[in-house]
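Asks: The structure follows.
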Ligand SMILES: C[S@@+](CC[C@H](N)C(=O)[O-])C[C@H]1O[C@@H](n2cnc3c(N)ncnc32)[C@H](O)[C@@H]1O
């Protein structure tokens, strides 16, 4: 079961998620890479935003002249995403669907040029994660790019503490008790093993950042991955 109530409660009374309506820096850097290295102009593309939250990535990309589809389990987040799209006058370029990224997508094969998972799939369980990998690979065009920002276990003291003090049922998961949310963290070996089954890893880097939770900043490590679907 996707953890709908934990995320829904989070959007109704935010302790963790950002209210920011602009893409996060790592995502903007990926867009620059697409332009410079992949020679991909960010317009007239089909974009899939997995766990789109309040639509900061989808609305930004739709505003540049792309067509975006955002999948999200929180209705409250989607209401905000849709209202921002209306304010920007881009409702026609963005479609928001209240669906789990861990179940089959009602989307056609080989359709999207770009898929984004900006810190969204860590709360999937193993079964859902397998479906997510298969579905992203199915709906992405050959040669299409997949950006993933995910939680990293290596060198992350907060993750190690959580794994020790509040372990979840599945491997390398912990429960964030205040949110009632279970999250998976990945070592580099596990991250590479998982994504390379379906995608070519063009770039993988570990970055530190701060997650704000209940007014406190926690240093966390993240994987930033640029992936591509090959033949
Ligand atoms: C940390 S937030 C990031 C939101 C957004 N990607 C961004 O960059 O602002 C994680 C998001 O993933 C969504 N999410 C978690 N599990 C999901 C699932 N199974 N299906 C769809 N969305 C999910 C949450 O509701 C939340 O909006």
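Asks: Is region 118-138 home to any residue that is at pLDDT 95 or above, buried (at least 22 other Cβ atoms within 10 Å of the Cβ), more than 19 Å from residue 10 (Cα to Cα) and more than 15 Å from the chain's Cα centre (by Cα)?
Replies: No, region 118-138 has no match at all.
Asks: Please count how many residues of region 91-114 are crowded, with 22+ Cβ neighbours inside 10 Å and more than 12 Å from the ligand (Cβ to nearest atom).
Replies: Number of matching residues: 3.
Asks: OK, next. Out of region 128-157, which residues are in a helix (DSSP H, G or I) and either touching a residue at least 12 places away in the same chain (Cβ under 8 Å) or closer than 19 Å to residue 26 by Cβ (or both)?
Replies: 128, 129, 131, 132, 133, 134, 135, 136, 137, 138, 139, 157
Asks: Mind counting the residues in region 60-90 that are closer than 21 Å to residue 141 by Cα and more than 9 Å from the ligand (Cβ to nearest atom)?
Replies: 8
Asks: Residue by residue through region 204-231, note down the ones that are surrounded by fewer than 13 Cβ atoms within 10 Å (Cβ to Cβ) and over 20 Å from residue 162 (Cβ atoms).
Replies: Within region 204-231, 205, 230, 231 meet the criteria.
Asks: In the list 20, 57, which residue meets the criterion of being at pLDDT 95 or above, within 9 Å of the ligand (Cβ to nearest atom) and closer than 21 Å to residue 209 by Cα?
Replies: 57
Asks: Further question: Which is in contact with a strand residue (DSSP E or B) (Cβ under 8 Å, 6 or more places away or on another chain), over 20 Å from residue 40 (Cβ atoms) and not in a strand (DSSP E or B), of 220, 192?
Replies: Going through 220, 192 in turn, just one is in contact with a strand residue (DSSP E or B) (Cβ under 8 Å, 6 or more places away or on another chain), over 20 Å from residue 40 (Cβ atoms) and not in a strand (DSSP E or B): 192.
Asks: Could I ask something else about it? What is the one condition in (1) surrounded by fewer than 15 Cβ atoms within 10 Å (Cβ to Cβ); (2) modelled with pLDDT of 95 or more; (3) touching a helix residue (DSSP H, G or I) at 6+ places or on another chain (Cβ under 7 Å) that residue 180 does not satisfy?
Replies: For residue 180, the exception is condition (2).
Asks: Can you list residue pairs whose Cβ atoms sit under 8 Å apart, with the first residue in region 94-121 being at positive phi and the second being within 13 Å of the ligand (Cβ to nearest atom) and assigned to a strand (DSSP E or B)? Count only pairs 6 or more apart in sequence or on different chains.
Replies: 119/149; 119/150; 119/151; 119/222
The values are calculated or read from the model by the stated rules, or taken from the named source; none is laboratory data. Treat the numbers as computed from the prediction; the structure is a model and nothing was measured. As a convention, Cβ positions derive from the backbone with ideal geometry for all residues, glycine included, and neighbour counts pool all protein chains shown.
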